1. Of all residues in region 94-119, how many are touching a Ser or Thr at 6+ places or on another chain (Cβ under 6 Å) and over 30 Å from Asn166 (Cβ atoms)?
2. Considering only residues that are under 23 Å from Arg115 (Cβ atoms) and open to solvent by less than 20 Å² (accessible area, probe 1.4 Å), look in region 131-161 and name the one that is farthest from the chain's Cα centre (by Cα).
3. On the basis of being closer than 15 Å to Thr73 by Cα, in contact with a strand residue (DSSP E or B) (Cβ under 8 Å, 6 or more places away or on another chain) and either within 13 Å of the ligand (Cβ to nearest atom) or open to solvent by less than 70 Å² (accessible area, probe 1.4 Å) (or both), does Leu32 make the cut?
4. Residues in region 110-146 that are of a type outside the set (S, T, N, Q), in contact (Cβ under 8 Å) with a residue 24 or more places away in the chain and not in a helix (DSSP H, G or I): how many?
5. Does Gly97 satisfy the condition of being under 20 Å from Cys130 (Cβ atoms), assigned to a strand (DSSP E or B) and either among the small types (Gly, Ala, Ser) or touching a helix residue (DSSP H, G or I) at 6+ places or on another chain (Cβ under 9 Å) (or both)?
6. Within region 16-28, can you find the residues that are open to solvent by 80 Å² or more (accessible area, probe 1.4 Å), of a type outside the set (S, T, N, Q) and more than 9 Å from the ligand (Cβ to nearest atom)?
Amino acid sequence: MDFRTGRYLKRMAELVGMTSKAYGIDISLGMLEVTKKRLKKAGLMDRVELYCEDALQIPYEDDMFDAIFMSFTLELFDTPEIPIVLEEARRVLKPNGRLGIVSISNEDGESIPLRVYKWAHQNFPKHIDCRPIYVEKSIKNAGYEVRCKERVKMFGFPIEIVIAINSKEVIKSRFFFSI
Ligand SMILES: C[S@@+](CC[C@H](N)C(=O)[O-])C[C@H]1O[C@@H](n2cnc3c(N)ncnc32)[C@H](O)[C@@H]1O
């Protein structure tokens, strides 16, 4: 996995081709700038739309996107906000749309690395601003149908990669992306 900001949006921009667009939002202007530079360097700015927006209130109309991808972002939201973000994503996804989430997982919650991580988050929330979450469970609770799930390790921490859909088929053309 490549964790550099905007890296996955660049990949999506490559995948959507000349005839479609990948949209990216982030609440941080700094992160958007980093992403913009990456896409400019790759000559892909004409394939993306980038906006400074809040994932709690996604600024797009209903049923607009074929796929949504979010990496290492859902775990930044407070627990009561996670269903709101997932519901917003559902709203802007087309009925057959696909959701992909990569996030630090709490499934192995009692392991030493996770206990240390949670301790650091509780005691230094300004520095460790995210914490492990139940990714698949949150997605299922939000009404998605989970299609595949993988677990990997990053720096010893468990990561869940989950792909879920609203209903049957997916037609790829536009991507919405949280950078
Ligand atoms: C840990 S970074 C992950 C960046 C990138 N997705 C990656 O995988 O490298 C989390 C990102 O979420 C953004 N973020 C935090 N709260 C947000 C919100 N309410 N709406 C949109 N983006 C938000 C942060 O600004 C930051 O860029």
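1. Qualifying residue count for the region: 0.
2. Among them, the one singled out is Pro158.
3. Yes.
4. 9
5. Against the criterion (under 20 Å from Cys130 (Cβ atoms), assigned to a strand (DSSP E or B) and either among the small types (Gly, Ala, Ser) or touching a helix residue (DSSP H, G or I) at 6+ places or on another chain (Cβ under 9 Å) (or both)), Gly97 does not qualify.
6. Met18
The values are calculated or read from the model by the stated rules, or taken from the named source; none is laboratory data. Note that this is a predicted model, so its numbers are computed, not measured. Heads up, the Cβs are rebuilt from the backbone with ideal geometry, glycines too, and the neighbour counts pull from every protein chain shown. Protein only, heavy atoms only, side chains kept; ligands, DNA and RNA dropped before computing areas. Shrake-Rupley method; radii C 1.70, N 1.55, O 1.52, S 1.80 Å.
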